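The values are calculated or read from the model by the stated rules, or taken from the named source; none is laboratory data. Treat the numbers as computed from the prediction; the structure is a model and nothing was measured. Reconstructed Cβ throughout: ideal geometry from the backbone, glycine too, with neighbour counts over all protein chains shown.
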Amino acid sequence: MSADQSVALVRRYFEECVSAASGPEQDRALALLDELLTDDFVMLYNGETDPERGREAHKAFLARHVRVYPDDDWTIEALVADDDVAACLWRIRARHEPTGNRIDVSAADFFRVRDGRLAELRRFLDFKTLDRQTQPRAAEG
C-alpha cells in the first residue's frame, strides 16, 4: 500500500467509523470496520502489554465509547504515513455522560497497515487530563 493509501485508510477510519459511530448511522459505521480492519486487529494503550484483540472487540470498544462520550467531535490535527505505518495526532471534544463534563483531550495513534487494512493501533492518550476532566464537579451551594 502506498503512503497516500495508508493516509486515506486512517482518515476513513476516523471520519466514517469513529466519528460516525455516535450518530444515527452507528450500525453502518461499525459494519464498515469489517472492511477497514484485519480479523486479528490489535489495539494497545500507552504501551500496555494486554491488548484488545479482534475486530469484534474493537466494534464493542467504539460502541461503549459513544455511550460514555456522546456529542463527540474528532479532529485529525496531523497525519503522516509510509507504506505500512501511519501516525495520527488527533483531538476529541465531547461530553462525559456520567458527569455531564465537557472533555478536550489529544492523543497520538500509530497504525500498522497490512494487506490494505488496519492491523494494529497503538494509542498514546493523555489519561491524566482525561481523568481530571471526568471528575464529578463539586456541588454549588
Among the candidates Arg112, Arg67, single out the residue that is in contact (Cβ under 8 Å) with a residue 12 or more places away in the chain and touching a strand residue (DSSP E or B) at 6+ places or on another chain (Cβ under 6 Å).
Arg112
Given the criterion modelled with pLDDT of 95 or more and either polar (S, T, N, Q) or within 14 Å of the chain's Cα centre (by Cα) (or both), identify the matching residue among Val10, Val18, Val68, Val80.
Val10
Subset tally (residues that are in contact with a helix residue (DSSP H, G or I) (Cβ under 9 Å, 6 or more places away or on another chain) and aliphatic (A, V, I, L, M)) for the range 61-78
4
Any idea how many residues of the range 74-108 are free of Cβ contacts under 8 Å to residues at least 24 places away in the same chain and surrounded by 12 or more Cβ atoms within 10 Å (Cβ to Cβ)?
7
Find all pairs meeting these conditions: Cβ atoms under 6 angstrom apart; at least six residues apart or on different chains; first residue within the range 1-18 and in a helix (DSSP H, G or I) and loosely packed, with under 15 Cβ neighbours inside 10 Å; second residue modelled with pLDDT of 95 or more and polar (S, T, N, Q).
none
Conditions first: (1) on the phi > 0 side of the Ramachandran plot; (2) buried (at least 16 other Cβ atoms within 10 Å of the Cβ). Gly47 passes all but one, so which condition is the exception?
(2)
Which of the residues spanning the range 40-55 are within 16 Å of Tyr13 (Cβ to Cβ) and either acidic (Asp, Glu) or touching a Cys at 6+ places or on another chain (Cβ under 9 Å) (or both)?
Glu52
